[in-house]
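The values are calculated or read from the model by the stated rules, or taken from the named source; none is laboratory data. Here the structure is a predicted model, which means the values were calculated and not measured. Here the Cβ is made from the backbone with ideal geometry for all residues, glycine too, and neighbour counts use every protein chain on show. The accessibility values were calculated without ligands, DNA or RNA, using every heavy atom of the protein model including side chains. Shrake-Rupley method; radii C 1.70, N 1.55, O 1.52, S 1.80 Å.
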Amino acid sequence: MLIGYARVSKGDEQSNKAQARALSEAGCKRVFEEKASGGRWDRPELHRMLDQLRDGDTVVVWKLDRLSRSLKDVLHLMDRIASAGAGFRSLTEAIDTTTAAGRLMMQMVGSFAEFERAMIRERTTTGLAQARAEGRIGGRRKKLDPKKRREIAESVLSGRKSGAEMARLYDISEPTVSRIVAEHRQNTETFHADQP
């Protein structure tokens, strides 16, 4: 049986009517319609469709990105469809996994996706290593310069101001004040321990 899946994004003003009509014209006996982002995994109609798949069924979509915007998710969904013994067809891209050429096409898409992920990992690792070699570390820049951090720590430690007051004064959270005070205390202790 041909089973259709139609999706438009939640914020879109468009409807599923055009997709549903194209799927019906393609011979789909049942069409699952959804209004949700393609980047989300918690789509009830998608999961309802996957749960009802039987051996010999074919999932039909108007376009591949209607299934998901993420290639990784598309490949995961393809595995779910295949494990149910079902096939997959995309009307726009002319992909049909019920044919040998269609299966080859999806395997090639999967191979390219895997290659792309490996290249991204390699570039990221190289970039991080280069940054470390140049003395740069990742993470967000500190909101407060060393002078302000020292002022916060000394005000709290001397009892002139409370942690809550310093947090309000510098527009930071109380846990951040606590970390600044702890760092300052540790640095001071280390400095005194190193003195002869």
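Under the rule of at least 5 residues apart or a separate chain, name every residue whose amide H is placed under 5 Å from the amide H of residue 2.
Placed amide hydrogens put 29, 58 under 5 Å from residue 2.
Residue 7's amide H: which non-local residues (gap 5+, or another chain) put their own amide H closer than 5 Å, with H modeled 1.01 Å from N in plane and none for Pro or chain starts?
34
For the stretch 1-152, what relative contact order do you get, as a whole percent, if you take Cα pairs closer than 8 Å and at least 6 residues apart?
On the way: 182 pairs, mean separation 27.9, N = 152.
Across the stretch 1-152, relative contact order equals 18 percent.
Between (1) 23, 20, 17; (2) 27, 21, 14; (3) 57, 23, 13, which matches semi-axes √(5λ) of the Cα gyration tensor in Å calculated for the structure shown?
(3)
How would 81, 120 rank on accessible area, largest to smallest, probe 1.4 Å? Don't skip to the end; give the middle numbers.
Values: 81 5, 120 80 Å².
From most accessible down to least: 120, 81.
Where the only charges are on Cβ atoms (+1 Lys, Arg; -1 Asp, Glu), what is the dipole of the chain about its Cα centre, to the nearest 20 debye?
Working: 36 positive and 28 negative charges, 100 e Å.
Computed about the Cα centre, the dipole is about 480 debye.
Provide the per-residue ³J(HN,Hα) series for the stretch 105-120, in order, calculated from phi with Karplus coefficients 6.51, -1.76, 1.60 and θ = phi - 60°, each as a whole number of Hz, with x at glycine and proline positions.
4, 5, 5, 5, 4, x, 5, 5, 5, 5, 4, 4, 4, 5, 5, 5
Stretched out fully, how many nm does the piece from residue 188 to residue 132 gain, at 0.36 nm a residue minus the Cα gap?
On the way: separation 56, 0.36 × 56 = 20.16 nm, distance 2.68 nm.
Extra length from residue 188 to residue 132 when fully extended: 17.5 nm.
Counting other Cβ atoms within 10 Å of each Cβ, which chymotrypsin sites (Phe, Trp or Tyr not before Pro) in the stretch 1-67 have at most 14 and sit in a DSSP loop?
Numbers: sites: 5, 32, 41, 62; in loops: 41, 62.
Hits after loop and neighbour filter: 41.
When only C-alpha pairs under 8 Å and at least 6 residues apart count, what is the relative contact order of the stretch 82-155, in percent?
With pairs under 8 Å counted, the relative contact order is 11 percent.
Student exercise: in the chain, how many lysine pairs 8 or more apart or on different chains have Cα atoms under 23 Å apart?
14
Hey, if you put +1 on the Cβ of every Lys and Arg and -1 on every Asp and Glu Cβ in the stretch 1-112, which of 2, 106, 18 ends up farthest toward the positive end of that dipole?
Sorting the options by dipole projection puts first 18.
List the trypsin sites (Lys or Arg not before Pro) within the stretch 48-156 that DSSP assigns to loop and that have no more than 11 neighbouring Cβ atoms inside 10 Å. Please report the intermediate quantities before stating the final value.
Details: sites: 48, 54, 63, 66, 69, 72, 80, 89, 103, 117, 121, 123, 132, 136, 140, 141, 142, 143, 147, 148, 149, 150; in loops: 54, 63, 69, 136, 140, 141, 142, 143.
Listed in order of number, the matching sites are 54, 136, 140, 141, 142, 143.
Which value, in Å² rounded to 10, gives the accessible area of residue 78 with a 1.4 Å probe and all protein chains present?
20 Å²
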